[in-house]
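Each reported figure results from applying straightforward, stated rules to the coordinates on display, with no laboratory input. Predicted model only: the values in this text are computed from it and were never measured. So basically every Cβ, Gly included, is an ideal-geometry build from the backbone, and we count neighbours across all protein chains shown.
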């Protein structure tokens, strides 16, 4: 039960990472590696501010701002200086490694007894339920874990809804169109470069918030926490697309949440079943490879059958 | 309305692939006139349209729309004056977005885009109304992605989108060349209808001699990056497709003469 709740919570927190990857990879087809740096940046900024007794809410918002700045940097390298999209992201990600160390002052920053969003949710839960643990279908569940689950569910729901509503606005539809058909939207008076800057800022801001909340949930920020996160987010998005099918944006955003949760559950089950944690990233990469290649294979096989 | 003065453009300058696409084009178009542009392959007619739209910056010369010098303006800024339909039916619409969303994008051409809803109910009614007038049965499919439509339907919608906010200048770049004859005919009739109804100043490039003869009130024939002939008024009205074909034949002969004369001179003197 604890395993399930933990996996659900982390899956929901990382659905913000999936949103970010969805914006860069799916809307703009921009393979944005900055993500790996900005998730750590979000964690680092939030952790440092929380240790300095800034309100956790403000600290999380600051993480969004920092992530948005990182995304802007990548977008400017690409649009202004015409550097290849992948390379722009790699440059900023590499630079962020040093930035993150400077922000934290060391490679690992614990948040032992600080007031975080997670601890605030816990005390709210205890006030509400009146006990440090509750029983759900014969399992004893810590109020702390339950509160964190509810918190992460709320965060994922709010972020998902906000993102959906954003893409229904004039600027949101223009952004979608900039990724879908740049030539067309330019002819309708939209500066595509500006859209890429705003889009990547939004994407990395969301990713940084995922890092900030993850840090508060697990109780520490680590300079290594971003490694492999792009592939992780991409796996979530791909699973989500497979789950919901269709192209409607609302479904895709919901799908990204579902994909993130399901992927985290699969990982938890695999680790429980004896998968060596060291192999996790290898298996994830292999999974994404298969998910990217199989649909094309199936299509070709079907076509051959028809002939 | 549109003032093109001494515009030059060379692609891949100083390389073996150098193309002198525009060599001093000067063309002034009156408000409300419908100008057809024809020319041989590589004559620079599409390049001229692209230069006006801002697809690239010209090497020298000036471009002015409605008295405003737009020579240095980027494409997206010129879009506030210009409506545009491309040769490729897939270029003018965003395929994974719905018909309604595409129309909403066009309804704000050249205007600021903020956090207002893209699809307000009142806007949807107007979309349905104006799409119904295309007589393609698309008014009931506003929620379908545009990528699911045929080339002809997409081109008709692109035309509707380009003219949605009565542009100061409408650019049609061989917009029926990639369509089947029936759709091409439909789109041409629609173009004529919209241009006449809204009295749009229009620049239309075409390969079809019958379109060139039947449409518009002025005809410009381009060759080797310059304006070779310019027919207007009664002269344009008298032109038939055959006359145009004869003109092309003349151009071809003159080109051959150039080459054979050059060959002769080479034999004699080199």
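General observations
- Prolate/oblate/rounded call for region A:76-125, Cα gyration tensor, a/c under 1.5 rounded: prolate
- Förster radius 25 Å - calculated FRET efficiency between residue B:168 and residue B:197, Cβ distance, rounded to 0.05: 0.95
- Relative compactness, region B:1-125, computed as alpha-carbon Rg over 2.2 N^0.38 Å: 1.26
- The residue B:77 and residue A:29 beta-carbon pair, evaluated with R₀ = 30 Å, returns a calculated FRET efficiency of approximately 0.75.
- Global geometry of region B:2-239, whether rounded, prolate or oblate, following the gyration tensor of its Cα atoms and the 1.5 cut on a/c: prolate
- Taking A:31, A:295, A:110 as the candidate residues, the one with maximal mean-square fluctuation in a Gaussian network model of chain A, Cα springs under 10 Å, is A:295.
- Take the Cβ atoms of residue B:189 and residue B:5, set R0 to 35 Å, and the FRET efficiency comes out at 0.55.
- Using alpha-carbon coordinates, inclination of helix A:249-272 to the longest axis of chain A, degrees: 50 degrees
- Taking every Cα-Cα distance in region B:161-270 and sorting them into 5 Å bins starting at zero, the pair-distance distribution P(r) comes out as 2, 9, 17, 19, 17, 13, 7, 5, 4, 3, 2, 1, 0 percent.
- Region B:1-22 residues near the modelled residue B:57 label - backbone nitrogen below 17 Å, point 7 Å along Cα→Cβ: B:7-13
- Peptides A:87-94, A:281-288 ranked from most to least packed give A:87-94, A:281-288, packing being the mean of other C-beta atoms within 10 angstrom over each peptide's residues.
- Gaussian network model of chain A, springs between alpha carbon atoms under 10 Å - residue of A:58, A:17, A:214 with greatest fluctuation: A:58
- A full extension of the chain between residue A:120 and residue A:220 corresponds to an added length of 34.4 nm, given 0.36 nm per residue minus the alpha carbon distance.
- Cα centroid separation, region A:87-105 to region B:75-144 (Å): 41 Å
- Shielding value for A:186-199 is 6, the average number of Cβ atoms from other chains within 10 Å of each residue's Cβ.
- Structure remark: mean-square fluctuation, Gaussian network model of chain B, C-alpha springs under 10 Å; the largest value among B:252, B:199, B:20 belongs to B:252.
- In the protein assembly as shown, the calculated helix contribution to ellipticity at 222 nm averages -19000 deg cm²/dmol per residue, counting -39,500 (n - 2.57) for every DSSP H run with n ≥ 4.
- Cα gyration tensor shape of the protein assembly as shown, rounded if a/c is under 1.5, else prolate or oblate by comparing a/b with b/c: prolate
- Relative to the longest principal axis of the Cα atoms of chain A, the long axis of helix A:2-13 makes an angle of roughly 40 degrees.
- Label separation (residue B:224 vs residue A:140): 9.5 nm, computed from points 7 Å beyond Cα along the C-beta direction.
- Beta-bridge orientation, region B:2-239: approximately 55 percent antiparallel, per DSSP, counting only bridges with both partners inside.
- Distance between region B:179-201 and region A:138-195 - C-alpha centres, whole angstrom: 40 Å
- Seen against the Cα atoms of chain B and their longest principal axis, helix B:151-162 is set at about 80 degrees.
- Note on B:82-94: average number of Cβ atoms from other chains within 10 Å of each residue's Cβ is 3.
- Model label zone, residue B:182; criterion: amide N under 18 Å from point 7 Å along Cα-to-beta-carbon; scope region B:125-164: B:134-138, B:149-157
- The mean sequence distance of close C-alpha pairs (under 8 Å, at least 6 residues apart), as a share of the length of chain B, puts its relative contact order at 26 percent.
- Distance between region A:279-307 and region A:3-73 - C-alpha centres, whole angstrom: 29 Å
- Spin-label pair residue B:234/residue A:81, simplified geometry with 7 Å Cα→Cβ offset, distance in nm: 6.6 nm
- Value of relative contact order over region A:2-226, rounded to a whole percent, pairs C-alpha under 8 Å and six or more apart: 43 percent
- Value of Rg to Rh for region A:2-226, rounded to two decimals, is 1.03; Kirkwood radius and Rg both from alpha-carbon coordinates.
- Peptide B:106-116 has a mean of 5 when you count, residue by residue, the C-beta atoms of other protein chains within 10 Å of its C-beta.
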